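Asks: One structure is given below, represented as structure tokens, and several questions about it will come after.
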Amino acid sequence: MKASDLFVKALESEGVEYIFGIPGEENLDLLESLSNSSIKLILTRHEQAAGFMAATIGRLTGKVGVCMSTLGPGATNLVTAAAYAQLAGMPMLMVTGQKPIKSSKQGQFQIIDVVDMMHPITKYTRQISSGDSIPSRVREAFRLAAEEKPGATHLELPEDIAKEETDHQPLDESLARRPVAEGKSVARAVELLTKAKHPLVVIAAGANRKLTATQLSEFIDSLQIPFITTQMGKGVVDERHPLFLGNATLSSGDFLHRAIEKADVILNVGHDVVEKPPFFMEQGERQVIHVNFNSAAVDAVYFPQVEVIGDIANSIWQLNKGLKPQAHWDFTWFMKCRTATEEHIAEGCDAPEFPVRPQRLVADVREVMPDDGIIALDNGIYKIWFARNYKAHQPNTVLLDNALASMGAGLASAMAAKIVHPDRPVIAICGDGGFMMNSQELETAVRLKLDLIVLILTDKAYGMIKWKQEHMEFNDYGLDFANPCFVKYADSYGASGHLLESTEDLAPLIKKCHQQGGIHLIDVPVDYSENDRILNEELPKLSAEL
């Protein structure tokens with residue numbers, strides 16, 4: 001068969017259902033092979049969005065998402081998405097085209113060393129130099145993309161190689177089981193937790209993969225140890241749980257940081273150095289147990305005393321079997337911190353002022369979304385409010401990026417979520433800055449006939465940086481812009497545009513859009529004027545007075 005046919009058969013063998021991207025002339029053989037396959041090509045309007053969508057497929061399914069581009073500028077447009085997947089642990093394969101490598105008559109036109117470019121931001125990057133090597137290259141790219149820690153891989157398929165004839169066949173996936181933690185490390189962790197007076201569980205990014213949610217929920221229910229989450233650990237355990245103390249959104253000064261200071265042993269599950277640390281360690285201050293697929297990356301603020309390395313779900317199961325609730329465990333202070341957090345989050349939830357305040361925005365979105373509804377956050381100051389105030393009821397129902405923290409991913413991520421879960425409500429929540437970075441994908445969403453709501457939170461500025469500029473006492477300079485009329489912008493794509501004119505109308509409008517179906521853009525003017533007062537002044541003062 002033709003090598004491009006073999007490549008597509010190898011993708012089918014790996015269970016690929018979708019491939020996102022923009023083909024170029026160097027991909028034409030691959031494109032024809034895809035047309036005769038079970039894989040659906042989803043044409044996007046920018047390669048970056050294709051990469052964000054493929055990465056989100058990987059995040060939600062645990063299977064490798066696939067995207068494609070041509071050579072040169074198409075490939076360079078995938079770089080941000082590659083870093084997005086690599087840092088956040090999302091399994092993804094990028095397939096890029098290339099000019100003929102055995103003979104070329106076009107010199108260096110559009111040619112850069114894409115493999116070398118991808119090397120620092122992927123787990124595996126190779127040029128396919130022979131049709132016969134396709135089965136092993138594809139299998140290895142998928143194996144490494146999905147293996148802990150998941151991430152990005154890349155294969156370059158040159159135009160002349162794609163045309164080659166080959167009689168090879170795809171390789172089957174090998175049967176593999178993740179290793180489990182060694183008994184002595186589990187025993188030492190059990191000993192530390194048993195002797196502790198104020199143990200605390202921290203649930204981080206690595207715990208938000210595989211089948212850890214059930215084991216962690218059973219662990220917490222059985223032992224009644226309070227827990228906190230990082231931004232990318234949200235939803236692993238239902239955050240309505242009475243032992244949930246809050247989300248480590250802020251670096252310091254929140255009520256949960258008072259709980260962390262009281263803890264003498266922290267069970268840190270799935271810690272990933274790509275996230276801002278939920279706590280900073282000091283020598284002799286407290287014991288930390290690192291539970292993860294891989295050993296700890298030690299730095300100045302993280303140096304655990306015990307490491308339980310292996311499949312996280314199995315490690316938690318082993319710890320649960322070995323532990324019993326202890327009469328000397330004292331969580332009184334933790335519950336005081338929890339009460340203070342709940343009271344503070346409740347403030348402003350019914351604020352009637354317009355433009356909308358962030359607290360009211362979060363409360364209204366939470367009110368209208370069912371337990372399994374998905375919000376996909378772009379990056380901006382609102383991400384802090386949603387991470388801290390919005391309680392996730394199920395895993396992967398709050399899609400945020402606290403690793404690369406790239407703007408422009410919110411809409412694409414929401415589209416991928418809707419493809420994976422067509423029967424679940426999905427809302428993309430974007431600032432006006434981030435939305436405009438990939439707003440052209442509205443056409444893709446309309447063409448795919450998705451049911452999707454996009455909240456555009458408008459303040460006509462790069463608000464996160466503007467907030468920090470103000471807090472750090474710099475002059476107000478260089479961060480303001482103008483917007484198009486988002487209602488007309490939506491209409492021009494065949495979507496439905498809405499301008500919110502009253503805070504009281506927000507929740508009813510979201511409900512109405514869900515019921516109508518189709519693509520809806522809601523322009524939501526937001527008032528961030530109290531960010532500094534609440535987050536940088538009020539919270540540290542209140543938490544210090546506990």
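Nothing in this text is a laboratory measurement; each read-out follows from the coordinates by a stated rule. Computed from a predicted model, the values in this text were never measured in an experiment. Here the Cβ is made from the backbone with ideal geometry for all residues, glycine too, and neighbour counts use every protein chain on show.
Asks: With a 10 Å radius around each residue's Cβ, average the other Cβ atoms per peptide and rank 52-59, 34-41, highest first.
Replies: Descending mean neighbour count gives 52-59, 34-41.
Asks: I've got another one for you. In terms of the Cα gyration tensor, with a ≥ b ≥ c the square roots of its eigenvalues, is the range 390-429 rounded because a/c is under 1.5, prolate because a/b exceeds b/c, or oblate?
Replies: Taking the square roots of the gyration eigenvalues as a ≥ b ≥ c, the range 390-429 is oblate.
Asks: Let me ask you something else. Using only C-alpha positions, report the orientation-averaged shadow area of the convex hull of the chain, nm², one decimal.
Replies: 26.0 nm²
Asks: Search the structure for amide H atoms under 5 Å from the amide H of residue 112, placed 1.01 Å from N in the peptide plane, and list their residues when 5 or more places away or on another chain.
Replies: Here the answer is 72, since their amide H atoms fall under 5 Å of that of residue 112.
Asks: Highest mean first, how do 488-497, 221-230, 83-92 rank when packing is the count of other Cβ atoms within 10 Å averaged over residues?
Replies: 83-92, 221-230, 488-497
Asks: Kirkwood hydrodynamic radius for the range 61-148: how many Å is it when counted over pairs of different Cα atoms?
Replies: 13.8 Å
Asks: Under the Karplus relation 6.51 cos²θ - 1.76 cosθ + 1.60, θ = phi - 60°, what is the ordered set of whole-Hz ³J(HN,Hα) values for the range 536-546, x standing for Gly and Pro?
Replies: 9, 10, 5, 4, x, 5, 5, 5, 5, 8, 4
Asks: Which of 134, 19 comes first, and how do the rest follow, when ranked by fewest Cβ neighbours within 10 Å?
Replies: With the sparsest Cβ surroundings first, the list reads 19, 134.
Asks: Taking a threshold of 31 Å on the Cα-Cα distance, which of the pairs 383/541; 2/63; 197/321 fall above it?
Replies: Among 383/541; 2/63; 197/321, the Cα-Cα distance tops 31 Å for no pair.
Asks: Amide H neighbours of residue 125 under 5 Å, counting only residues 5+ apart in sequence or on other chains, H built in-plane at 1.01 Å?
Replies: 154
Asks: How big is the gap, in Å, between the Cα center of the range 271-342 and the Cα center of the range 352-395?
Replies: Computed from Cα coordinates, the inter-centre distance equals 27 Å.
Asks: Taking the Cα centre of each part, how many Å lie between the range 448-492 and the range 23-92?
Replies: Value for the Cα centre distance between the two parts: 27 Å.
Asks: What is the Cα radius of gyration of the range 328-479 over 2.2 N^0.38 Å, N being its residue count?
Replies: Relative to the 2.2 N^0.38 Å estimate, the range 328-479 comes out at 1.16.
Asks: Given the DSSP H assignment, sum -39500 (n - 2.57) over each helix run of at least 4 residues in the chain and divide by its residue total; what's the result at 222 nm in deg cm²/dmol, nearest 500?
Replies: Result for the chain, helices only: -11000 deg cm²/dmol.
Asks: Nearest 5 percent is fine: what portion of the DSSP beta bridges confined to the range 347-536 is antiparallel?
Replies: 5 percent
Asks: I would also like to ask the following. For Cα pairs less than 8 Å apart in space and 6+ apart in sequence, what is the mean separation divided by the residue count of the chain, i.e. the relative contact order in percent?
Replies: 13 percent.
Asks: Another question, if that's okay. How would the range 128-223 be classified by its alpha-carbon gyration tensor: rounded, prolate or oblate, with rounded meaning a/c under 1.5 and the a/b versus b/c comparison settling the rest?
Replies: prolate
Asks: Can I ask one more? Checking the a/c ratio against 1.5 first, then a/b against b/c, what shape does the Cα gyration tensor give for the range 183-339?
Replies: Judged from the Cα gyration tensor, the range 183-339 comes out rounded (a/c under 1.5).
Asks: I want to check a number: in the range 423-535, how many lysine pairs have alpha carbons closer than 24 Å, given a sequence separation of 8 or more or different chains?
Replies: For the range 423-535, the number of qualifying lysine pairs is 7.
Asks: Can you tell me the alpha carbon radius of gyration of the range 1-114 divided by the globular rule-of-thumb value 2.2 N^0.38 Å?
Replies: Working it through for the range 1-114, the quotient is 1.04.
Asks: Tell me the angle of helix 358-368 to the major Cα principal axis of the chain, expressed in degrees between 0 and 90 and rounded to the nearest ten.
Replies: Once rounded, one gets 70 degrees.
Asks: Using mean Cβ contacts within 10 Å as the protection proxy, how do 284-291, 169-176 order, highest first?
Replies: Put in order of decreasing packing, that is 284-291, 169-176.
Asks: As I understand it, the value is the acute angle between the Cα axis of helix 212-223 and the longest principal axis of the Cα atoms of the chain; what does it come to in degrees, rounded to 10?
Replies: 10 degrees
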